[in-house]
Amino acid sequence: MTDISHPARFERPSALAFLGYAVGLVIIFWSFAGAGFSLDKVISSPPRFADFLDRAFPPNLEPKVLSRLGWKMVETLQIALAGAVIGVILSLPVALLAARGLIAGPWINQITRTSLGFIRAVPDIAWALVFVVAVGLGPFAGMLAIAIDTIGFCGRFFADDMEAVEKGPSESLTATGARRLDVVACATVPAALPAFISTSLFALEKAVRSSTILGLVGAGGIGIELKVGFDLFDYPTAMTVILMIAVVVIGIEQISSKARSRIIGEQR
Amino acid sequence: MTDLLDKQTAQERSTGTGAGFAPVLPVDIRACALSKSFGDTLIFSDVSFGLSRGEAVAIVGSNGTGKSTLLRCIMGLIAADSGQVEMLGTNVSAARPAELRKLRAQVGLVSQKHNLVPRLSVLSNVVHGLLGQHPGLRHWSQALAPTGSREAAMEALGKVGLADLANRRADRLSGGQSQRVAIARALVGQPKILFADEPTASLDPAAGEDVMDLFFSLARKQGVTVVFISHHMSHALTYGDRVLGLAGKKLRLDTRADHLNEAELRELYD
Ligand SMILES: Nc1ncnc2c1ncn2[C@@H]1O[C@H](COP(=O)(O)OP(=O)(O)O)[C@@H](O)[C@H]1O
Ligand SMILES: [Mg+2]
């Protein structure tokens, strides 16, 4: 009665799987080598890091500096908000083209999705460099970079959100002769709206994080202060900038996740 | 040639099957040798029947026999693999999208689930029932709708007894109320044909009874042709003039309801 054979606790990997693990390990070690991993530096860095902290603390809290940095932070948030809003608005029509089975055919879906993939593959800082060349130094270039980055993100996820909407309501409207665009506007978009808002809030968080470093390439915002601070060995001011960024980013994340849970909570 | 066929079938309907002296009525729907497979799975084949104006027809059959699929083929929501459907004089299988929309504007659908748009008001949902006749922005929401359309929608809501809930959000309704709003949405465009796919499936028996009573009293009053799917044999016999039964991938039954009893109907399920 008791001779029911138990399954083995551990499965013996097949030869192919074993080879796979070995190759994986080799790649990981090779990557450490490529990244210049050096135990010497790891051991010698705590003192150097302590030295940096020693020189950076206390952060520069001079009222004049604080007010200058404060206004730069305001500009940063303006870039983030303006870019995210434009990006979200433009994402709607783009997502309609990217969503399968809504209004556009499979070819247009695929072309749109591939383009969005390309937009996402290019890092935001690279977009900022491109727009600095196109429209010159300053916050406008930064805003454009945020906008295009947001389109890459929201265009894709808005489309996924619409594809995931229950098909029942749209079939009911189709059955009474409504046009596709009307069906999408009346059944698909309203049902996807909470998901859109949630996605947009993520986009805004992402935009705030990006906008803080756009200044490194001259595309506006507080990033320039970070660069100048390090370039001039003015570590206390650089530290102030870092702390400010951390506080603002964490704050925005808190607000946005509160808003999101309210919206999703209300749905139930 | 097809004309001749038309008359013949209509004649059969009204005299041949025993109605006696009923006048010859126009044929609203004719399905001719319909077959449908999903991939390699045959759902049904060689399904043919005709429906006259004002007739109420129940489609019965076990779960998964393809009743919903048949309904979708008739409405042209999915294409049949072979065979033809003619609805209100239009060949559904060959119709261009614009023709199909015009045809569907004369049709209403009530589904198994109410399929209302959850975040919009009850009134907006009913106004959507007019989109077939009035495409465009103004019928996206009750707030933008022309007065005539709002009045029509309110009247339809009145008929289902829910005029006082016009402003309520659709996801704040009970199951029975939702299904009644869905009926209002299906009726607001004064359709010639009403389709219903197990409209009571998601309701408790009492609410289901109410919904069926309401649905058929309104349908009879407006003289529309009704095609409804039901798994309640009593519903099929009470509300249907005729019963079509799907079993074994074929149309096994096409009989007047008053020539049937529940026991005979039950055989279909074995
Ligand atoms: N879009 C689809 N793709 C593949 N199979 C489907 C699809 N729709 C329905 N089916 C299958 O066809 C059969 C009939 O389904 P349905 O028409 O919904 O039956 P009923 O309404 O009689 O319960 C089922 O086995 C179902 O799984
Ligand atoms: Mg079904």
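The values are calculated or read from the model by the stated rules, or taken from the named source; none is laboratory data. Predicted model only: the values in this text are computed from it and were never measured. Note that each Cβ is placed from the backbone with ideal geometry, even for glycine, and that neighbours are counted across all protein chains shown. Accessible surface is based on the protein model in full, side chains and every heavy atom, while ligands, DNA and RNA are left aside. Shrake-Rupley method; radii C 1.70, N 1.55, O 1.52, S 1.80 Å.
Some points to look at:
- For residue B:259, the conditions (1) touching a residue at least 60 places away in the same chain (Cβ under 8 Å); (2) surrounded by 23 or more Cβ atoms within 10 Å (Cβ to Cβ); (3) over 30 Å from residue B:148 (Cβ atoms) all hold with the exception of (2).
- Residue within segment A:129-136 that is away from chain B (no Cβ under 14 Å), modelled with pLDDT under 90 and either more than 20 Å from the chain's Cα centre (by Cα) or assigned to a helix (DSSP H, G or I) (or both) present: yes
- Test result for residue A:103, touching a Lys or Arg at 6+ places or on another chain (Cβ under 9 Å) and touching a residue at least 60 places away in the same chain (Cβ under 8 Å): yes
- Checked against (1) within 13 Å of the chain's Cα centre (by Cα); (2) open to solvent by less than 20 Å² (accessible area, probe 1.4 Å), residue A:141 passes all but a single condition, namely (1).
- Members of segment B:35-57 found to be in contact (Cβ under 8 Å) with a residue 40 or more places away in the chain, of a type in the set (Gly, Ala, Ser) and within 11 Å of ligand 1 (Cβ to nearest atom), listed by number: B:37
- The one condition in (1) modelled with pLDDT of 90 or more; (2) away from ligand 2 (no atom under 13 Å from the Cβ); (3) more than 14 Å from chain A (Cβ to nearest Cβ) that residue B:74 fails to fulfil: (3)
Condition check ((1) within 21 Å of residue B:68 (Cβ to Cβ); (2) open to solvent by less than 10 Å² (accessible area, probe 1.4 Å)) across all residues:
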| residue | (1), (2) |
| --- | --- |
| B:100 | yes, no |
| B:114 | yes, no |
| B:120 | no, no |
| B:143 | no, no |
| B:184 | no, yes |
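- Residues of segment B:109-123 satisfying the condition of being facing another protein chain (nearest Cβ under 8 Å), at pLDDT 90 or above and over 13 Å from residue A:170 (Cα atoms): B:120
- Members of segment B:58-89 found to be more than 9 Å from ligand 1 (Cβ to nearest atom), touching a Ser or Thr at 6+ places or on another chain (Cβ under 8 Å) and not in a loop (DSSP other than H, G, I, E, B), listed by number: B:58, B:60, B:82, B:83, B:84, B:85
- Filtered residues of segment B:35-68 (kept if away from ligand 2 (no atom under 16 Å from the Cβ) and either within 14 Å of chain A (Cβ to nearest Cβ) or among the polar types (S, T, N, Q) (or both)): B:35, B:37, B:45, B:48, B:52
- There is at least one residue in segment B:170-182 that is under 22 Å from residue B:128 (Cα atoms), touching a strand residue (DSSP E or B) at 6+ places or on another chain (Cβ under 8 Å), within 14 Å of chain A (Cβ to nearest Cβ) and in contact (Cβ under 8 Å) with a residue 60 or more places away in the chain.
- Restricting B:156, B:163, B:94 to residues that are modelled with pLDDT under 90 and either within 11 Å of chain A (Cβ to nearest Cβ) or more than 16 Å from ligand 2 (Cβ to nearest atom) (or both) narrows the list to B:94.
- Candidate set: segment A:182-207, residues that are touching a residue at least 24 places away in the same chain (Cβ under 8 Å) and of a type in the set (D, E, K, R); chosen: the one farthest from the other protein chains (Cβ to nearest Cβ): A:206
- Test: residue in segment B:234-254 that is open to solvent by 40 Å² or more (accessible area, probe 1.4 Å), away from ligand 1 (no atom under 16 Å from the Cβ) and of a type in the set (Ser, Thr, Tyr): yes
- Some residue of segment A:150-170 being touching a Lys or Arg at 6+ places or on another chain (Cβ under 6 Å) and within 14 Å of chain B (Cβ to nearest Cβ): yes
- Residues (within 14 Å of chain A (Cβ to nearest Cβ), within 16 Å of ligand 1 (Cβ to nearest atom), part of a loop (DSSP other than H, G, I, E, B) and open to solvent by 10 Å² or more (accessible area, probe 1.4 Å)) located in segment B:186-215: B:198, B:201, B:202
- Helices (runs of 4 or more DSSP H) enclosed by segment A:1-113 - at least 3 residues per element that are more than 30 Å from residue A:226 (Cα to Cα): A:15-34, A:63-98
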